[in-house]
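Shown next, in structure tokens, is the structure this report addresses.
Computed from the coordinates by the stated procedures, all read-outs in this text should not be read as laboratory data. None of the values given here were measured: they were computed from a predicted structure. Glycine gets a Cβ as well: all are built from the backbone with ideal geometry, and neighbour counts include every protein chain shown.
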Amino acid sequence: MPAWRRIADGIEIAVRVTPRASRDAFAAGTDEHFAARLAAPPVEGAANAALVPLVAGAFGVPKRAVSLIAGDTARLKRLRVTGDPTALEERAQRLYGGAHDG
């Protein structure tokens, strides 16, 4: 599956999380996922809690527009970002720096 796919009310994205990084960062990863580096540790939901505002900021949406839909305890997570699907896809393409099969 590509790093993102369009849905009726936004996009779904795949994100590979690296916890305990030196700083938070969100960027293109592979064709299958975005990459998120989080300073938070992977305990008691801290990394998931840090991921939501990081993704919201990257896509220019409020935190309430981002929800974790799969991968609660895994490194590879799926998130739903609600909003204008066209605008969100354009933002995802800019994050990747060009064309993508998403």
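Restricting to segment 2-23, name every residue that is polar (S, T, N, Q) and either closer than 16 Å to T82 by Cβ or assigned to a loop (DSSP other than H, G, I, E, B) (or both).
Hit for segment 2-23 is S22, nothing else.
Taking interchain pairs and intrachain pairs at least six residues apart, which have beta carbon atoms under 7 angstrom, with the first residue in segment 55-68 and free of Cβ contacts under 8 Å to residues at least 24 places away in the same chain and the second aromatic (F, W, Y) and surrounded by fewer than 18 Cβ atoms within 10 Å (Cβ to Cβ)?
Within 7 Å, no pair qualifies.
I need every pair where a residue in segment 23-38 that is under 14 Å from R78 (Cα atoms) has its Cβ under 9 Å from the Cβ of a residue that is among the acidic types (D, E), sequence separation at least 6 or different chains.
A36/D24
Got at least one residue in segment 69-92 being surrounded by 16 or more Cβ atoms within 10 Å (Cβ to Cβ), in a loop (DSSP other than H, G, I, E, B) and at positive phi?
yes
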